[in-house]
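Every read-out reported here was derived from the displayed coordinates using simple, explicitly stated rules and does not represent laboratory data. All figures in this text were calculated on a predicted structure; none of them were measured in a lab. Cβ placement follows ideal geometry from the backbone for every residue including glycine, while neighbour counts extend to all protein chains displayed.
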Amino acid sequence: MFESGDTVTSDLGEAKNSTQDRVRLAIVGLGLIGLRHADAIDHVGDAELCAVVDASQASQEQAARRGVAWYDDLSRMIKEQSPDGIILATPTVLHVEQAQICIDAGIPVLVEKPLADDVRSAFDLVTKAESKNVAILVGHHRRHNPLIRKAHAMIQAGNIGDVRAVQSVCWFYKPDDYFEIAPWRKQPGAGPISVNLVHDIDLLRHLCGEITSVQAQAASSVRGYANEDVAAALLTFENGAIGTISVSDSIAAPWSWEHTTGENPIYPYTPQSAMQIGGSNGSLSIPDLALWTHKEKRDWWTPISATYVPRDISDPLVNQIGHFSAVIRREATPLVSGREGLLSMAVVSAIQHSAQTGNSVRMAEYLSLAQSQSIEEGKLSRLERELN
Ligand SMILES: NC(=O)c1ccc[n+]([C@@H]2O[C@H](COP(=O)([O-])OP(=O)(O)OC[C@H]3O[C@@H](n4cnc5c(N)ncnc54)[C@H](O)[C@@H]3O)[C@@H](O)[C@H]2O)c1
């Protein structure tokens, strides 16, 4: 799964510190990703799980198994447990309301991605958190993967020259029962643009710079869900680079972050790449970190070859909990702040808007309009008029 030369490390010691030195974390929503956060906390020496909020029977059993307090109400948990930090791993539609409760209580919060299901309420949340000086982190955990740290450092160091183009693919087939066991996944706003593409958009913004405009198309779910099941977008970056990105939860394929990184063992590993970044002096593919350059002359008639760049390997979810704990202790500022999460979800929202209207969207105008009105509440026509 990993290239020779890679170093398997843990950013964090696994031995637990004494109880009084640990930050006490609560998880709200102990489903698919919430359980992974609970496991990640076990591997961070200076953090511990103190409580779970989730009305389901399965969560109650999990809480008992892990020996932590169980609640079915967030406010009551805060009142009784006063945790140092809260992880929100609930369905996306609940993120803003629950994060507001955490912010009002002055408790730093790690909100799963996407930050919200509409840009306007994400703005309100981020503004409130900033004014109260309470940290929001957004769960774009891929930025905590050492391979992304390495790719970012290489691009910043000019290893591929000026970034001119990027292409990113996120294709896989989610089985029917994935939707049946959590019906919210069939509802508007929970399609692959929102649920999956937001990770890739966040990485593209991190690696290639701010996105200034988008043009997108989408196709309706052939399984009859209230969302798209395939979409593609053309992106323009602030530095002049151009990108293409496509996503589908209904294509049987090996090209996605999930399958090509080996990051999460539930996804069978495929030795492929999911993203290529093209520069004036060379190109980088991700996640294999193949750096393609001409050895002599930069010329399409001279040989071009790849150097596979070694990198450390550690679990980004564990690293993210370690980082959250450092933010809580005020030893670090959020790597993916609420505002960063807001910008990534705004691009995703613009992609949805462009796919619905057929118009291209300029991000500066979209963000300024989103700040002043609720885009999702039947105001598409006004937005459309103002954008075009
Ligand atoms: N970072 C990632 O890679 C990643 C992966 C999967 C999901 N996610 C995000 O995490 C969030 C949850 O997704 P999931 O797939 O784990 O969902 P899920 O349906 O598996 O789990 C959600 C959990 O929240 C609980 N819940 C529902 N309403 C609640 C409430 N009011 N209070 C407390 N708990 C409540 C449910 O009982 C369930 O256990 C979504 O925003 C999703 O986009 C992120």
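Given bins 10 angstrom wide, list per bin the percent of all Cα-Cα distances in the stretch 16-133, short to long.
14, 47, 32, 7, 0
Kindly write out, for the stretch 338-346 in residue order, the coupling ³J(HN,Hα) from the Karplus curve 6.51 cos²θ - 1.76 cosθ + 1.60 (θ = phi - 60°), rounded to whole Hz, with x marking Gly and Pro.
With the stated coefficients, the stretch 338-346 comes to x, 5, 4, x, 4, 5, 5, 6, 5 Hz.
Would you please put 23-29, 70-76 in order of how densely packed they are, using the mean number of other Cβ atoms within 10 angstrom per residue and starting with the highest?
23-29, 70-76
Say each of Ser372 and Ser280 gets a label point 7 Å from the Cα, pointing the same way as Cα to Cβ; how far apart are those two points in nm?
It works out to 3.8 nm between the two label points.
For Lys132, go through the lysines and keep the ones whose alpha-carbon is under 21 Å away, minus same-chain ones fewer than eight residues off.
Output for Lys132: Lys79.
For Phe172, Phe324, what ranking results if the residue with the fewest other Cβ atoms within 10 Å of its Cβ goes first?
Phe172, Phe324
Give, rounded to the nearest 20 debye, the magnitude of the charge dipole that the stretch 146-313 has about its Cα centre when Lys and Arg contribute +1 at Cβ and Asp and Glu contribute -1 at Cβ.
360 debye
Residue by residue through the stretch 240-252, which ³J(HN,Hα) values in whole Hz follow from phi under the Karplus form 6.51 cos²θ - 1.76 cosθ + 1.60 (θ = phi - 60°), with glycine and proline marked x?
Values per residue, Gly and Pro as x: x, 5, 10, x, 10, 9, 9, 9, 7, 9, 9, 10, 7 Hz.
Let me know the volume per residue of the alpha-carbon convex hull for the stretch 146-313, in Å³.
In the stretch 146-313, the Cα hull volume divided by residue count equals 126 Å³.
How do the peptides 44-51, 268-275, 137-144 rank, highest first, by the average count of neighbouring beta carbon atoms within 10 Å per residue?
For the peptides 44-51, 268-275, 137-144, the packing ranking is 137-144, 44-51, 268-275.
With each run of n ≥ 4 DSSP H residues scored as -39500 (n - 2.57), what mean residue ellipticity at 222 nm is computed for the chain after dividing by its residue count and rounding to the nearest 500 deg cm²/dmol?
The helix contribution divided over the chain gives -10500 deg cm²/dmol.
Using a/c under 1.5 as the rounded threshold, could you call the stretch 112-230 rounded, prolate or oblate? The axes a ≥ b ≥ c are square roots of the C-alpha gyration tensor eigenvalues, and prolate needs a/b larger than b/c, oblate otherwise.
Oblate, because a/c is 1.5 or more while a/b does not exceed b/c.
Which value, in debye to the nearest 20, describes the size of the charge dipole of the chain about its Cα centre when Lys and Arg Cβ atoms bear +1, Asp and Glu Cβ atoms bear -1, and nothing else is charged?
Using Cβ point charges on Lys, Arg, Asp and Glu, the chain gives about 580 debye.
Could you grab the relative contact order for the stretch 146-313? Cα pairs under 8 Å, six or more apart, rounded to a whole percent.
Relative contact order here is 28 percent.
Report the label-to-label distance for Asp124 and Asp73 in nanometres (one decimal), using points 7 Å from each Cα along the Cα→Cβ vector.
Taking the simple label geometry, Asp124 and Asp73 are separated by 2.3 nm.
When ranked by the protection proxy of mean other Cβ atoms within 10 Å per residue, highest first, what sequence do the peptides 56-67, 348-359 form?
Going from most to least packed, we get 348-359, 56-67.
Shape verdict for the chain, please, from the Cα gyration tensor: rounded (a/c under 1.5), prolate (a/b greater than b/c) or oblate.
oblate
Pick out, from Ser314, Asn239, Pro254, the residue whose Cα sits farthest towards the positive end of the charge dipole of the chain, with +1 on the Cβ of Lys and Arg and -1 on the Cβ of Asp and Glu.
Asn239
Which lysines does Lys186 reach when only Cα atoms under 25 Å apart count, and residues fewer than 8 places away in its own chain are ignored?
By straight Cα distance, Lys186 reaches Lys113, Lys174, Lys379.
Taking +1 at the Cβ of each Lys and Arg and -1 at the Cβ of each Asp and Glu, which of Gln156, Ile266, Asn281 sits farthest along the dipole of the stretch 146-313 towards its positive end, judged by Cα position relative to the Cα centre?
Most positive-ward Cα: Asn281.
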